[in-house]
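Working notes, structure below.
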Amino acid sequence: MDSLTIQRIIDTANIVDVVSDFVTLHRRGVNYVGLCPFHDEKTPSFYVSPSKGICKCFSCGKGGNAIHFLMEHEQMSFSQAAEWLAKKYGIPFQKREFTDKEKALHKERESMFIVNQFAADFFAENLYTDRGRAIGLNYLKNRKFRDDIIKKFQLGYCPDNGHSTADAATAKGFNRDLLVKTGLCYQKEDGSLRDRFWGRVIFPVHSLSGKVVAFGGRIMKSDPKAAKYVNSPESIIYSKSNELYGLYFAKQAITRKDRCFLVEGYADVISMVQSGIENVVASSGTSLTNGQIRLIHRFTNNITVLYDGDKAGIKASLRGIDMLLAEGMNVKVLLLPDGEDPDSFSQKHSASSFQDYIDKNQVDFIRFKVNLLLEDASDDPISRSNLIKEITQSISVIDDPIVRSVYITECSQILRVDEQLLINDVNKRQREKYSATPVPARPAHRTEADNAELQENSSETETTKSTAVEQPAENSIEKLKSDIRALKRAGYELIMKKERLIAQYLVRFADKEFCYLEEEEQSITVGEYISQSLENDNLELVHPIYKRILELYRENANNPDFVSERFFISHPEEFVSLTAASLIEEPYQLSQIFSKSSAPVEEKLFELTTHIMTDYQYEIVHFEIDKVLKEIQDPATIENPELFISAHNRYKTLLNARNELAKKLGDRVVHL
Ligand SMILES: [Zn+2]
């Protein structure tokens, strides 16, 4: 779908109308309010603004334009949501033309989904044949799975003659190639097909949108040589590290509860859902991958990892949990009583008593890790120092400095070690990490002194791979978030805060008049001023989304229909329009400085825009000063007179620049 159509859809869609399909709204002034559909609440904090065309929850922050609302609420992809709206409002649209290669790939993927669905139905039917009942269903009944749950998860049984899947599928006209590609069968040396899952109970694995991408098969015979579980091989529709078992069934509960439980196996998920706890997924025996973490992160920040009492297993999984922390998730741990796993435990408890147990026993991960390791550590210095290293390792991956310092204080008390020691170790690890990861592009700020020497997924695999090319990959928002976290860690946090103001002005006022040049008889817009002023100073925005907003402004400003607010809010790149929607909702952070003047914002754009740009330059200079100070203190610089003098000169130039800027900032405040 092209961006003009998307803009038309957003212009036409009545946000109140769209949201009302799912949420009961009441009028309040010019806006509408209702109970937020994205988190549990009793008093309404979900606002819909018909004039701006956006909605927002003031409690959990979710919202955006009509497309965003549908994406979040119905778990649609961007294109799906846009098409849904186009149909609702009768807007004609054309799907993008695909290349022949894309068409072929798309066709192959579609065929694989069809054959997988056929196989899933075949396995489910076979659960109720005489043999299927005696072996497969009997096993599931022994595990106490109810019929409705067996149907919900589409569990099945693959007959044990070794070729019944192949026979049934070929009789239906599916070609052999497809059976091999999906991994349902494999080819023997004599060329005949053999079922991969023969004689096994079948657990279909669903994609986020509910398509069957793979199968897990559990053995029924007691054969010590055979694997207990066999899984579909990787294919163009199945990438193990990007799927989580149960997520399709759990996603809405995860959003509603704002928490995801992570367990190990198929049976754990099924038993917990059966007992009434629906927000649960399994990593299916593999250790957690970043792709899986990002999948969960789309729905919540909060995760609870369930453990049975197996110490070795817990220790093996600790590293995976550090990855959760590094992605900015809040991690808790629930240790089940000795001898219980999530499967057996949920069989014995009702949902409410299980929930009670969770509430009473889930503990913060870092505390859990400290206590776990403390049990084993003896008093000898080496084992204690290893313990401390393990803990500082986990703390050092956490992004939020406040959270880090809370943990440091607490751990120093539990471990009875000096807090400063922990701080030093955490800092050291952070430095190591940043020097190991590629450093994000730094702003190319040049002062006169140094001018001379300075030369400067997937989740929904089936849509991303073949159809949603106009959209960045599904995971890209999570990818952006993690890039932004890396920038924060590298010290750009304050700069990015100032950049946010610049982005806000671009979205809201880029097309408004900044000032009128009498001599040239023409006016300069706010966008032109911002763009030009950055160019003059050789500055680039570092925050990837704000940078993209500036880029889009530069590409489109000359378009006669360019209306900045409308342009950005309905922009087809999801992260751009989402950011635009939230920037529009944000109050102007400068308003208190200029509160003496009662003129509306639109009449103060000259003062306000110059102020935010100066403020931003000030921040950049400040950043450069910190850098050059570190250089000056570096032994390598101290020992080299040339380096030292050059660094010192730059330092002086920067200080002068800073004082100039401070004066400008101060003057303007006094002036108004
Ligand atoms: Zn909310």
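Can you tell me how segment 267-419 classifies by the Cα gyration tensor, rounded, prolate or oblate, using a/c under 1.5 as the rounded cut?
On the way: a/c = 1.99, a/b = 1.53, b/c = 1.30.
Cα axes put segment 267-419 in the prolate bin.
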Aspartates and glutamates with Cα under 12 Å of residue 257, excluding same-chain neighbours fewer than 8 positions away: 40, 41, 278
Spread of Cα-to-Cα distances over 10 Å intervals beginning at zero, given as percent, for segment 297-350: 22, 46, 29, 4
field: Candidate lysines - alpha carbon under 17 Å from residue 240, same-chain residues fewer than 8 apart omitted
entry: 181, 211, 465
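Ranking 411, 158 by Cβ neighbours within 10 Å, fewest first, what do you get?
Numbers: 411 23, 158 27.
Sorted ascending by nearby Cβ count, the order is 411, 158.
Give the shape of segment 80-139 as rounded, prolate or oblate, defined through the alpha-carbon gyration tensor: a ≥ b ≥ c are the square roots of its eigenvalues, a/c under 1.5 means rounded, and otherwise the shape is prolate if a/b is larger than b/c and oblate if not.
Working: a/c = 6.17, a/b = 2.23, b/c = 2.77.
Oblate, since a/c reaches 1.5 and b/c is not below a/b.
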- line: The farthest towards the positive end of the charge dipole of the chain, of the residues 354, 388, 558, given +1 on Cβ of Lys and Arg and -1 on Cβ of Asp and Glu, is 354
message: Treating only the Cβ of Lys, Arg, Asp and Glu as charged (+1, +1, -1, -1), what charge dipole size does segment 80-150 show about its Cα centre? Round to the nearest 20 debye.
response: 260
- prompt: Which one of 60, 197, 633 is farthest out on the positive end of the charge dipole of the chain, using unit charges on Cβ (Lys, Arg +1; Asp, Glu -1) and the Cα centre as origin?
  reply: 197
query: Using the Kirkwood formula over every pair of different C-alpha atoms, what hydrodynamic radius in Å results for segment 471-577?
result: 14.9
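According to the Cα gyration tensor, what semi-axes, each the square root of 5 times an eigenvalue, does the equivalent ellipsoid of the chain have, listed from largest to smallest in whole Å? Present the calculation step by step, with values, prior to reporting the outcome.
Details: eigenvalues 502, 236, 119 Å².
After scaling each eigenvalue by five and taking roots: 50, 34, 24 Å.
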task: Divide by every residue of the chain the summed helix terms, -39500 (n - 2.57) for each DSSP H run of at least 4, and state the resulting mean residue ellipticity at 222 nm, rounded to the nearest 500 deg cm²/dmol.
output: -16500 deg cm²/dmol
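Assigning unit charges at the beta carbon (Lys, Arg +1; Asp, Glu -1) and nothing else, what dipole magnitude in debye, to the nearest 20, does the chain show about its Cα centre?
Numbers: 85 positive and 98 negative charges, 471 e Å.
Dipole size: approximately 2260 debye.
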statement: Ordered by fewest other Cβ atoms within 10 Å, a rough proxy for footprinting exposure, 207, 412 read 412, 207
statement: Given backbone amide H placed at 1.01 Å from N, residues whose amide H is under 5 Å from that of residue 525, ignoring those fewer than 5 places away on the same chain, are 514
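By its C-alpha gyration tensor, with a ≥ b ≥ c as the square roots of the eigenvalues, how is segment 166-294 shaped: rounded for a/c under 1.5, else prolate for a/b larger than b/c, else oblate? List each step's numbers first, then the result.
Details: a/c = 2.23, a/b = 1.77, b/c = 1.26.
The shape class here is prolate.
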- prompt: Hey, can you rank 556-562, 420-426, 75-81 by average C-beta count inside 10 Å, highest first?
  reply: 75-81, 420-426, 556-562
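Which of the peptides 106-115, 222-231, 25-34, 325-334 is most tightly packed, and how do the rest follow, going by the mean number of other Cβ atoms within 10 Å of each residue?
Numbers: 106-115: 17.1, 222-231: 10.8, 25-34: 14.3, 325-334: 20.3.
Order by mean packing, descending: 325-334, 106-115, 25-34, 222-231.
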- prompt: Taking neighbour Cβ counts within 10 Å as the exposure measure, how do 519, 499 sort from fewest upward?
  reply: 519, 499
message: Using the crude model of +1 on Lys and Arg Cβ and -1 on Asp and Glu Cβ, and no other charge, please compute the dipole size for segment 533-586 relative to its Cα centre, in debye to 20.
response: 60
- request: Starting from the Cα of residue 630, draw a straight line to each of the lysines and keep only those under 20 Å, dropping any in the same chain fewer than 8 residues away.
  value: 428, 433, 488, 652
task: Rank 51, 35, 1 by how far each Cα sits towards the positive end of the charge dipole of the chain (+1 on Lys, Arg Cβ; -1 on Asp, Glu Cβ) and give me just the farthest.
output: 35
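Read-outs throughout are calculated quantities, based only on the coordinates presented, and are distinct from any laboratory measurement. Computed from a predicted model, the values in this text were never measured in an experiment. When we count neighbours, we look across all protein chains shown, and the Cβ atoms used for this are built from the backbone with ideal geometry, even at glycine.
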